Amino acid sequence: MSSADQHPPTTTPTGTIRGRRRVPFWDNARFACVVLVVIGHGTQRLIYDSDISYAFYLWIYAFHMPAFAIISGYFSKSASPTKRQMARVITDILVPYVIFEGLWTLTKWLVEGRADPNLTQPSWTLWFLLALGIFRLVLPYLALLRWPLAWALAISVGVGYLSNVDSTFSLSRTLGLMFFFTLGWWLRERDVVRRFSLIDYRPWWLRASAVAVLAAWAFVCWRWLAFWDDVDLRFWFFYDDSYSGLSVDQWWAGGIRLGLMALAILLSACFFVLLPRRAQWWTTFGQYTMYVYLLHSFVLYPFRESGLLRGLDPTWIWLPLITVLAVAIAFLLASKPVRRVFRPLIEPRPKWMFTDAALSSGSDHRSDPTGSRRG
């Protein structure tokens with residue numbers, strides 16, 4: 001159900017059809033988002049000892065996964081899936097999910113001496129794989145309705161009132177982020193980006209405004225950090241708990257999520273405005289974000305669990321250092337040698353699972369679950 005991140009074919013003055021061209025901006029955006037994921041996870045242990053690190057953490061978590069969901073939705077199709085597209089949900093999402101849940105079970109058994117395999121409770125980052133699968137399954141039904149954005153918004157806000165919808169199969173978080181995924185699809189469906197030249201039109205005042213908004217949010221995170229800590233703002237950004245689980249039982253609790261969703265859209269838009277639109281030396285890495293997403297947690301695990309990232313002082317040295325290290329980890333995990341080693345785990349070809357082995361093979365099979373078809 002993914003779509004190549006390309007413009008539609010165009011006709012030349014001589015009447016020939018130009019081939020589709022890849023738009024580097026989207027690969028840049030994918031990789032930038034996954035870098036933010038690694039930075040957020042890498043600096044998470046610092047928030048207990050440093051207010052600046054805590055503010056930085058809130059700044060990232062306000063928009064990085066909503067932005068990722070928007071991009072994923074932009075390259076998803078709402079038409080009835082073909083057999084090959086249905087097979088991709090299995091090979092690109094479900095099989096890697098089972099593989100990495102098994103690896104996490106083994107890791108916890110070796111390191112912590114306990115093993116509690118449970119495929120219904122995603123380990124750490126694996127919730128997003130399930131979310132992508134559920135998004136793709138639900139989107140064709142949403143697209144049949146009038147006002148699909150309104151329905152998606154009602155789902156994302158309304159699920160917070162249901163305390164019985166929890167982290168089982170990451171359902172609460174998936175439904176909480178449903179609107180962002182649907183928004184991405186809607187932008188593509190309505191051709192909004194092309195019609196309004198949102199990628200090409202970036203005057204200086206727009207970029208300056210984006211910087212100002214992101215800087216203002218950083219200031220707000222830091223200036224009122226004690227209040228954000230008291231109200232557990234970081235847990236609101238997870239879109240995982242019900243409103244009652246966040247100690248807000250009032251009828252207007254959904255208004256808080258609605259406001260945070262509006263904030264996420266604004267910050268995501270500002271973030272996208274500042275990303276390079278032309279090809280960079282790292283643009284190709286945007287086609288392999290799942291390597292970074294699935295592997296970085298194993299790299300960070302020993303640092304997070306050993307206590308090495310606690311009590312680091314001064315912050316002005318350690319926060320930038322760990323941030324740079326997190327960026328380096330992202331680049332390393334997207335590199336060709338790492339992809340070559342881990343491809344059987346992240347991009348398996350389980351031909352034995354299908355009655356038609358061709359469903360898990362073919363040159364056009366390989367695509368990132370977020371929607372980036374390989375060049």
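If the condition is being within 20 Å of the chain's Cα centre (by Cα), over 16 Å from G259 (Cα atoms) and β-branched (V, I, T), then the range 146-192 contributes T168, T174, T182.
Does the range 212-228 contain any residue that is surrounded by fewer than 16 Cβ atoms within 10 Å (Cβ to Cβ), outside any helix (DSSP H, G or I) and charged (D, E, K, R)? No: the range 212-228 contains no residue that is surrounded by fewer than 16 Cβ atoms within 10 Å (Cβ to Cβ), outside any helix (DSSP H, G or I) and charged (D, E, K, R). Looking at the range 182-203, is at least one residue touching a strand residue (DSSP E or B) at 6+ places or on another chain (Cβ under 8 Å) and aromatic (F, W, Y)? Yes, some residue in the range 182-203 is touching a strand residue (DSSP E or B) at 6+ places or on another chain (Cβ under 8 Å) and aromatic (F, W, Y). Give the range 142-174 a look and list any residue that's exposed (fewer than 13 other Cβ atoms within 10 Å of the Cβ) and assigned to a loop (DSSP other than H, G, I, E, B), or say none. The answer is L144, L145, R146, W147, N164. The set of residues in the range 300-318 being assigned to a helix (DSSP H, G or I), surrounded by fewer than 18 Cβ atoms within 10 Å (Cβ to Cβ) and either of a type in the set (A, V, I, L, M) or in contact with a Leu (Cβ under 6 Å, 6 or more places away or on another chain) (or both) consists of F303, I317. Within the range 229-249, track down each residue that is surrounded by fewer than 17 Cβ atoms within 10 Å (Cβ to Cβ) and more than 23 Å from the chain's Cα centre (by Cα). Correct list: D229, D230, V231, S244, G245, S247, D249.
Taking each residue of the range 219-242 that is touching a residue at least 40 places away in the same chain (Cβ under 8 Å) and closer than 15 Å to L258 by Cα and looking for partners that are part of a helix (DSSP H, G or I) and among the polar types (S, T, N, Q) with beta-carbon atoms closer than 9 Å, six or more apart or interchain, yields Y239/S156; Y239/S172; Y239/T174; D240/S170; D240/S172; D241/S172; S242/S172. Could you say whether any residue in the range 186-199 is hydroxyl-bearing (S, T, Y), surrounded by fewer than 15 Cβ atoms within 10 Å (Cβ to Cβ) and in contact (Cβ under 8 Å) with a residue 24 or more places away in the chain? Scanning the range 186-199 turns up no residue that is hydroxyl-bearing (S, T, Y), surrounded by fewer than 15 Cβ atoms within 10 Å (Cβ to Cβ) and in contact (Cβ under 8 Å) with a residue 24 or more places away in the chain.
List the residue pairs whose Cβ atoms are under 7 Å apart, where the first residue sits in the range 351-370 and is polar (S, T, N, Q), the second is modelled with pLDDT under 75 and outside any helix (DSSP H, G or I), and the two are 6 or more positions apart or on different chains. Partner pairs satisfying both residue conditions: S367/S2; S367/R373; S367/R374. Report whether or not V138 is outside any loop (DSSP other than H, G, I, E, B) and of a type in the set (A, V, I, L, M). In short, yes. Sub-7 Å Cβ pairs linking a first residue in the range 118-130 that is within 23 Å of R88 (Cβ to Cβ) to a second residue that is in a loop (DSSP other than H, G, I, E, B) and of a type outside the set (S, T, N, Q), at least 6 apart or interchain, are L129/P369; L130/P122, ordered by first then second residue.
Among the residues here, A87 qualifies as in contact with a Phe, Trp or Tyr (Cβ under 7 Å, 6 or more places away or on another chain) and modelled with pLDDT of 85 or more. Return yes or no: is W252 over 24 Å from W59 (Cβ atoms) and either of a type in the set (S, T, N, Q) or more than 16 Å from the chain's Cα centre (by Cα) (or both)? The answer is yes for W252. Against the test of being farther than 23 Å from R207 by Cβ, in contact (Cβ under 8 Å) with a residue 60 or more places away in the chain, buried (at least 17 other Cβ atoms within 10 Å of the Cβ) and within 20 Å of the chain's Cα centre (by Cα), the options I329, I322 yield a single qualifying residue, I329.
Per the conditions (1) in a helix (DSSP H, G or I); (2) surrounded by fewer than 21 Cβ atoms within 10 Å (Cβ to Cβ), the sole criterion not satisfied by A29 is (2).
Can you find a residue that is over 29 Å from L130 (Cα atoms) and touching a Lys or Arg at 6+ places or on another chain (Cβ under 8 Å) anywhere in the range 310-321? Looking for residues that are over 29 Å from L130 (Cα atoms) and touching a Lys or Arg at 6+ places or on another chain (Cβ under 8 Å), one finds at least one in the range 310-321, hence yes.
Taking the criterion of being buried (at least 22 other Cβ atoms within 10 Å of the Cβ) and more than 14 Å from H41 (Cβ to Cβ), the residues of the range 59-72 that qualify are A62, F63, P66, A67, A69, I70, I71, S72.
Of everything listed in (1) modelled with pLDDT of 95 or more; (2) within 15 Å of Y293 (Cβ to Cβ), the single unmet condition for D92 is (1).
Can R343 be described as in a helix (DSSP H, G or I), over 30 Å from I199 (Cα atoms) and among the basic types (K, R)? Spelling it out, R343 is indeed in a helix (DSSP H, G or I), over 30 Å from I199 (Cα atoms) and among the basic types (K, R).
The values are calculated or read from the model by the stated rules, or taken from the named source; none is laboratory data. All figures in this text were calculated on a predicted structure; none of them were measured in a lab. Using ideal geometry, Cβ is built from the backbone for each residue, glycine included, and neighbour counts are taken over all protein chains shown.
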